[in-house]
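This report refers to the structure that appears directly beneath it.
Please treat every number below as a calculation from the coordinates, not as lab data. Quick caveat: nothing in here was measured; it's all calculated off a predicted structure. Cβ placement follows ideal geometry from the backbone for every residue including glycine, while neighbour counts extend to all protein chains displayed.
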Amino acid sequence: MNVRVYPNGDLASIAAAVLIAGQVVDNPRSVLGLATGSTPLPIYRELIAMAHRGVLDFQNVTTYNLDEYAGLGPDHPCSYRRFMQENLFSHLQMRPEQIHIPNGLAEDPDAECRAYDAAIAAAGGLDLQLLGLGSNGHIGFNEPAPHFTTNSYCVRLSEQTRRDNRRFFAEGEQVPTHALTMGIASIMQARRIVLVATGPNKAQAVKRMVDGPVDPMVPASILQMHRHATILLDADAAALL
Ligand code: GLP
């Protein structure tokens with residue numbers, strides 16, 4: 001894996017936007033895997049600015065998001081569908097048929113996950129997958145576990161992840177217990193991976209991802225095995241390397 005450290009999160013975000021932009025300039029029909037959370041927000045702002053200046057055209061891009069909370073519909077303020085709409089898609093005038101996010105309301109989540117993987121495969125696979133990093137080393141919602149997961153599936157969220165993500169939910173509202181996520185195999189099949197981690201609360205996970213053994217208890221450590229993974233860090237997240 002190719003690790004780059006920047007003095008601050010803004011620069012790491014610009015670097016990520018540059019890599020994504022390069023992909024889209026190179027192939028305007030790119031299939032992009034996208035992520036949610038706080039980390040991608042400045043990256044999406046950069047991409048929107050580039051699109052508005054006419055540098056990038058997303059009209060022929062196809063996107064597949066990593067994950068969605070089970071039980072949250074597209075209009076729920078904390079659903080990832082809504083997050084993506086508000087923070088990226090609406091600014092790029094993307095059409096619904098370009099956008100794919102697991103359906104959190106699917107009656108049969110396993111069937112939904114199988115269909116999701118089949119759709120990614122039918123689209124030719126992911127050209128580039130953007131990832132954030134959970135403070136426990138998760139990617140997507142692949143939590144630490146005794147084995148690496150394979151394809152997309154419905155996962156029970158760890159208490160740490162539910163605590164970390166509490167900040168996005170209104171007072172008194174329950175953080176969902178489950179989510180639909182791309183599995184590790186689905187992520188690893190992406191031809192290029194760009195993972196961004198910023199802030200001191202990611203330092204431990206970054207250290208274990210980069211310097212530790214490949215271990216399913218640190219799901220992101222599998223990226224050591226990927227042929228084209230770029231890890232973009234700010235100085236705080238890289239502090240223990
Ligand atoms: C969630 C998402 C992950 C994301 C992680 C870190 O759990 N499912 O894809 O990487 O949060 O989020 P943040 O960037 O807000 O720290």
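Things to note:
- Annotation: the residues 206, 175, 196, sorted from fewest to most other C-beta atoms within 10 Å of their own C-beta, follow the order 175, 206, 196.
- Amide H to amide H distances under 5 Å link residue 217 with 145, where only residues 5 or more positions off or on other chains count and H is placed in the peptide plane.
- In order along segment 160-166, phi translates into HN-Hα couplings of 5, 5, 5, 5, 4, 8, 3 Hz, rounded to whole numbers, per the Karplus curve 6.51 cos²θ - 1.76 cosθ + 1.60 with θ = phi - 60° and x for Gly and Pro.
- DSSP bridge analysis restricted to the chain gives an antiparallel fraction near 30%, rounded to the nearest 5.
- Relative contact order computed over segment 85-181 (Cα-Cα under 8 Å; 6+ residues apart), in percent: 28 percent
- Where labels lie 7 Å past Cα in the beta-carbon direction, separation of residue 55 and residue 211 in nm: 3.4 nm
- Summarising the label geometry, the points placed 7 Å from Cα in the beta-carbon direction at residue 235 and residue 78 lie 3.5 nm from one another.
- Each peptide in 146-158, 6-18, 30-42 was scored by the mean count of other Cβ atoms within 10 Å over its residues; highest first, the order is 30-42, 6-18, 146-158.
- q = 0.11, 0.12, 0.14, 0.23 Å⁻¹, segment 3-105: log10 I(q)/I(0) [Debye, one scatterer per Cα]: -0.33, -0.40, -0.54, -1.29
- Listed values for segment 63-80 are Karplus-derived 3J(HN,Hα) couplings in whole Hz (6.51 cos²θ - 1.76 cosθ + 1.60, θ = phi - 60°), namely 10, 10, 7, 5, 6, 7, 5, 5, x, 9, x, x, 8, 5, x, 9, 6, 5, and x replaces Gly and Pro.
- Simple label model, 7 Å out from Cα along Cβ direction - residue 171 to residue 27, nm: 4.9 nm
- Neighbours of residue 60 by Cβ distance under 12 Å: Lys/Arg scored +1, Asp/Glu scored -1, total 0.
- Entry note, the chain: relative contact order of 27 percent, from Cα contacts under 8 Å with a spacing of 6+ residues.
- Rg/Rg_globular for segment 1-57, with Rg_globular taken as 2.2 N^0.38 Å and Rg from C-alpha atoms: 1.14
- Ranked by how many other Cβ atoms sit within 10 Å of their own Cβ, fewest first, the residues 94, 84 fall in the order 94, 84.
- Rg/Rg_globular for segment 77-123, with Rg_globular taken as 2.2 N^0.38 Å and Rg from C-alpha atoms: 1.26
- Over the chain, volume per residue of the alpha carbon convex hull, in Å³: 114 Å³
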